[in-house]
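For reference, the structure is listed below as structure tokens.
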Amino acid sequence: MRVSITSGRAEGPSKLNTFDNALLNAGIGDVNLIKVSSILPKDADIVPISTFTPGDMINCVLAYKFSDVEGDVISAAVAVAVADEFGCVVENTGINRDLDDIKSEAEDMVRYMMDVRGMKINEIIIEGKSHIVKKQGAVVAAVVYMN
Amino acid sequence: MRVSITSGRAEGPSKLNTFDNALLNAGIGDVNLIKVSSILPKDADIVPISTFTPGDMINCVLAYKFSDVEGDVISAAVAVAVADEFGCVVENTGINRDLDDIKSEAEDMVRYMMDVRGMKINEIIIEGKSHIVKKQGAVVAAVVYMN
Amino acid sequence: MRVSITSGRAEGPSKLNTFDNALLNAGIGDVNLIKVSSILPKDADIVPISTFTPGDMINCVLAYKFSDVEGDVISAAVAVAVADEFGCVVENTGINRDLDDIKSEAEDMVRYMMDVRGMKINEIIIEGKSHIVKKQGAVVAAVVYMN
């Protein structure tokens, strides 16, 4: 299975459209996202996000935060840890906290998941974005199962 | 892909059963609904809702509102916009607002989605229902991906 | 289709990890869960939970409760009712209520679902767990569609 890791942020005229704009910014706006929990199959290939056929049904782990308070700093991150056996994924979000904190919290949680399963981590990938809200803003971070 | 647009409303003896009754009223009570986000594949055929094999796994965009306050007017609507390339779907709900408002808000949002993607709308379909709560009421509106 | 019914409980160092630990305790921690609504196909076989290929995409009905208040009693239950035609599933959760109450409420709701559909119940299965929170606790109960 190929897996992509991406993030995006946007403003928009309504909560729904702001979310949609953030998905477009992340390169995953033209598909139907199906939210799943957080295990990466063995030998998953992590690849750049590519173009989809519009309307494809795409499984993903999604971190998403919205705010309509001007000046709010909103952040979303995902962390992926990979071992020989398989991998784990976590999502994390926050308001008015440093993006580095949100990312490092995500890293702690995914390390713990690997620990609990007795797996030795080969690689950790963390991806996230922050956004300072003007009127209505959204951030997303996602691990997308490509096929 | 064939797509159906439907809505329903009901009272019931518990929140879960009220939701289930509203799904039955909409003709989608005997399947397993999987919620997806909001893109219609190219050349989707919009067809009347038909009978399903009970227990089928069915992807759908779902608008859902519940209230247990007597006299509340609850509304749910979906709006579908179709272009040559593909289509977009939004869901919208409200309490104690006119159904026409909920529908026109849904229309605005889906028009904006199409605009952002630079697509020329060929057709817009809007479907929704209101319900005046007696004891516990629910309304649903859904775009159902039939296969 | 084979279907398994399971439940689990755990403590953990974060909300996400507590949930993950409860899924592991229930035997469904190493898969990607996709939440679905609540119909059991005709002739579903109810079998013990077995091992999965890590990362499998697994449809399930999931009851889940989390608390970080020391001493809270959290409960999650699922109820499955089976008829000749097909079956129905409900999930239920509660805080500081007797597990028997949560289970019997689940049973009432699933009986009502079968009633509304005019189906004669052949068998009812109820599964659930309680947990007394130390620092952060979670309980889950699930009906898992195995294939």
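Observations, loosely collected:
- Residue mean of other protein chain beta carbons inside 10 Å, B:37-45: 6
- Axis-proximal residue, chain B, for the rotation superposing B on C (Cβ, Å): B:ILE34, 4
- Long-range tail of P(r) for the range A:93-141 (Cα pairs > 16 Å, %): 48 percent
- Three-way shape call for the protein assembly as shown based on the alpha-carbon gyration tensor, with the a/c threshold at 1.5: rounded
- On the beta carbon distance between A:ASP98 and C:ILE121, with R0 = 51 Å, the FRET formula returns roughly 0.40.
- Residue of C:ASN21, C:ASN92, C:ASN32 that the Gaussian network model of chain C assigns the largest fluctuation, springs spanning Cα pairs under 10 Å: C:ASN32
- Gyration tensor verdict on the range B:33-139 (Cα atoms; rounded if a/c is under 1.5, prolate if a/b is larger than b/c, oblate otherwise): oblate
- Structure note, pairs A:LYS120/C:LYS103; B:LYS135/C:LYS129; A:LYS120/C:LYS65; B:LYS15/C:LYS120; C:LYS42/C:LYS103; A:LYS103/C:LYS65: Cα-Cα distances above 28 angstrom occur for A:LYS120/C:LYS103; B:LYS135/C:LYS129; A:LYS120/C:LYS65.
- Pseudo-label separations to other copies for C:SER104 - Cα-to-Cβ vector, 7 Å, nm: 5.2, 5.2
- Between identical copies, the spacing of B:ILE49 label points, each set 7 Å from Cα toward the C-beta atom, reads 3.4, 3.4 nm from nearest to farthest.
- Between copies, B:SER14 shows label-point distances of 3.4, 3.4 nm, shortest first, with the point placed 7 angstrom from Cα along Cα to C-beta.
- Crossing angle, helix C:99-116 versus chain C [Cα axis fit, 0-90 degrees, rounded to tens]: 30 degrees
- Estimated [θ] at 222 nm from DSSP helical runs (n ≥ 4, -39500 (n - 2.57)) normalised by residues in chain C, nearest 500: -6500 deg cm²/dmol
- Inter-part distance where the range B:70-147 and the range C:88-107 are each reduced to a Cα centre, Å: 33 Å
- Annotation: extensible slack from C:ASP56 through C:ARG111 equals 16.6 nm (criterion: 0.36 nm per residue apart, minus Cα-Cα distance).
- Inter-chain neighbour count for A:27-34: the average number of beta-carbon atoms from partner chains within 10 Å of each residue's beta-carbon is 6.
- Charge sum, other residues only, whose C-beta stays under 12 Å from A:ILE132's C-beta, Lys/Arg counted +1 and Asp/Glu -1: +1
- Partner chain coverage, peptide A:80-90 - average Cβ within 10 angstrom: 2
Readers should treat all values here as calculations from the given coordinates under stated rules, not as data from a laboratory. A quick note: this is a predicted structure, and the numbers were derived from the prediction, not measured. So basically every Cβ, Gly included, is an ideal-geometry build from the backbone, and we count neighbours across all protein chains shown.
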